[in-house]
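One structure is given here, and the rest of the page talks about it.
The values are calculated or read from the model by the stated rules, or taken from the named source; none is laboratory data. Nothing here was measured: the structure is a model prediction, and the numbers come from that model. For neighbour counting, all protein chains shown are included, and Cβ atoms are generated from backbone atoms with ideal geometry for every residue, glycine included. Note: accessible area is taken over every heavy atom of the protein model, side chains too, but ligands, DNA and RNA are not part of it. Shrake-Rupley method; radii C 1.70, N 1.55, O 1.52, S 1.80 Å.
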Amino acid sequence: MALQAQLLLSDMVVHFSTADYCLCSRDHTVFQFDYNSSRWRKICQLPPAKAGFIGLLKDKIARSSLYRRLRPAPGLSHLTQTPDGTIVMVYDRIYLCKPAEKARSAVPLVSDLGRFAPPLRNGMAVEPSTGLVYFGEYLNNHSRDVRVICIDPVHNTARVCWQFNRQQIKHIHAIVYDPFRQRLWITTGDNDAESAFYYTDDNFASVHKFAGGDQTWRATGLLFDETGMEWGMDAGKDAPADAVNYIWRWDFATASRTQCCAIGNPAYAVSSLDNGGAVLTTTYEPGRLQDTPEQSALWYRSPAGEWQQIYAQDYQYRAMPGVSKYGMLYIAQGTSPAGQLLFSPVNCHSGQFGIFRLPPL
């Protein structure tokens, strides 16, 4: 099945979805797209990096359409929402936008974290019973420990709640909440010894290793249901040619896993759909050793559990500062309506950092 996508809006990127709306961003501004009315509404904007008149003037220039046309940049990369509607953003600092305060400007969170590495895109998790937000540092070319950071939007605090030794892992790919087991999972990479799944049942008072040891446990996103979990492998250009990427399923009752299907390029993100299905994206990495298409693709899992590729775009490098050379199709965290799945291409043939919509799945 190959679907055609409709361009909804240029210069806008998807981030987080509910069944009713999707939070998106343009540069430093967050917008809400209502699925039923197809209307856009501005929610909030990051404040100037520096206070005072000069800081305000510099921010005004940097936010202008002319400046962004001459010097395009990706803008916000990390955004999620808590059950009470608070929007949490990780950029140069951690920012909060609370609906009850009706503020048009996001507020930077003051903490003693010092410098920290942001998460991989779609790598933040919300623990719904507490409203706490967690992310792990995504680091490359380093030798220090890798930290997990806990954000408390109610008390406006952030702290380090766990650390992995550099000898254990290179970086954290994602932290994901499992609503069926009320558990937070942590996926790590990148070499065989570093690729693993960990979990915590007590909000990082303790962390346990579930499994790992080869590229089949190298993942950036997890999907959960009553009986199991599924993920796509993330064996990229640093993996051997015979490291074929598959979607895997783990069954908790039998403590066993099975291959679902081959996906070729490495999996990048997953998202649930409101019809009981799911969607997964694959990323094209120039220089990979595997014999795979030079495309980024969307894979659909039907409510019956069957996977198939539904959309793809050919790779085209766009050379934008702050953006990797990989070809990607960004999808929103959370739950998207199967009737209008939104995505944003990066380093693809068309629609760089725009929003496309698929027809009903």
**OP:** Determine if the range 45-53 includes at least one residue that is aliphatic (A, V, I, L, M) and not in a loop (DSSP other than H, G, I, E, B).
**Re:** no
Subject >> Qualifying positions in the range 203-257 - small (Gly, Ala, Ser) and free of Cβ contacts under 8 Å to residues at least 12 places away in the same chain >> reply: ALA205, SER206, ALA255, SER256
**OP:** Mind listing whichever residues of the range 293-337 are open to solvent by 10 Å² or more (accessible area, probe 1.4 Å), of a type in the set (A, V, I, L, M, F, W, C) and over 19 Å from ASP11 (Cα atoms)?
**Re:** TRP299, ALA304, TRP307, ALA312
Subject >> Criterion: under 19 Å from GLY264 (Cα atoms), among the charged types (D, E, K, R) and surrounded by fewer than 19 Cβ atoms within 10 Å (Cβ to Cβ) - qualifying residue of ASP214, ASP202 >> reply: ASP214
Original post:
Taking the range 260-269 only, how many residues are buried (at least 18 other Cβ atoms within 10 Å of the Cβ) and under 14 Å from ILE310 (Cβ atoms)?
Top reply: 1
Original post:
Out of the range 169-187, which residues are open to solvent by 10 Å² or more (accessible area, probe 1.4 Å) and among the aliphatic types (A, V, I, L, M)?
Top reply: VAL176
Original post:
Given the conditions (1) of a type in the set (D, E, K, R); (2) buried (at least 21 other Cβ atoms within 10 Å of the Cβ); (3) closer than 19 Å to GLN163 by Cα, and given that GLU230 satisfies all but one, which numbered condition is not satisfied?
Top reply: (3)
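How many residues does the range 35-73 hold that are closer than 25 Å to GLY354 by Cα and open to solvent by less than 30 Å² (accessible area, probe 1.4 Å)?
So the count comes out to 7.
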Original post:
Out of (1) of a type in the set (Asp, Glu); (2) within 20 Å of PRO179 (Cα to Cα); (3) open to solvent by less than 30 Å² (accessible area, probe 1.4 Å), what's the single condition that is false for GLU285?
Top reply: (2)
Subject >> Hey, VAL107 among the β-branched types (Val, Ile, Thr) and either under 15 Å from the mean Cα position of the chain (by Cα) or farther than 25 Å from ALA49 by Cβ (or both) or not >> reply: no
Original post:
Any idea which residue in the range 69-88 is modelled with the lowest pLDDT, counting only those that are part of a loop (DSSP other than H, G, I, E, B) and among the hydroxyl-bearing types (Ser, Thr, Tyr)?
Top reply: SER77
**OP:** Check every one of the strands (runs of 3 or more DSSP E) wholly within the range 252-326 and list those with 3 or more residues that are among the polar types (S, T, N, Q) and either at pLDDT 95 or above or touching a Pro at 6+ places or on another chain (Cβ under 7 Å) (or both).
**Re:** 256-264, 307-314
Subject >> the range 9-34 - residue that is touching a Gly at 6+ places or on another chain (Cβ under 8 Å) and of a type in the set (A, V, I, L, M) and, of those, surrounded by the most Cβ atoms within 10 Å (Cβ to Cβ) >> reply: VAL13
Original post:
Given (1) open to solvent by 60 Å² or more (accessible area, probe 1.4 Å); (2) of a type in the set (Gly, Ala, Ser); (3) under 21 Å from LEU222 (Cβ atoms), where does ALA100 come up short, assuming only one miss?
Top reply: (3)
**OP:** Look at the range 236-251 and say how many of its residues are touching a Pro at 6+ places or on another chain (Cβ under 6 Å) and part of a loop (DSSP other than H, G, I, E, B).
**Re:** 1
Subject >> Output for the range 103-126, where each listed residue is open to solvent by 40 Å² or more (accessible area, probe 1.4 Å), of a type in the set (Val, Ile, Thr) and assigned to a strand (DSSP E or B) >> reply: VAL107
Subject >> Which listed residue is outside any helix (DSSP H, G or I) and basic (Lys, Arg), from LYS58, LYS42 >> reply: LYS42
Subject >> Search result, residues across the range 79-95 that are in contact with a strand residue (DSSP E or B) (Cβ under 8 Å, 6 or more places away or on another chain), of a type outside the set (Val, Ile, Thr) and over 19 Å from ARG121 (Cβ atoms) >> reply: PRO83
Original post:
Which one is modelled with the highest pLDDT, of the residues in the range 37-59 that are over 17 Å from SER25 (Cα atoms) and small (Gly, Ala, Ser)?
Top reply: SER37
Subject >> Residue under evaluation LYS237, criteria (1) within 20 Å of GLU306 (Cα to Cα); (2) open to solvent by 10 Å² or more (accessible area, probe 1.4 Å), criterion not met >> reply: (1)
Subject >> Residue ID - least open to solvent (accessible area, probe 1.4 Å), chosen from residues in the range 127-148 that are closer than 14 Å to GLY85 by Cα and not charged (D, E, K, R) >> reply: VAL133
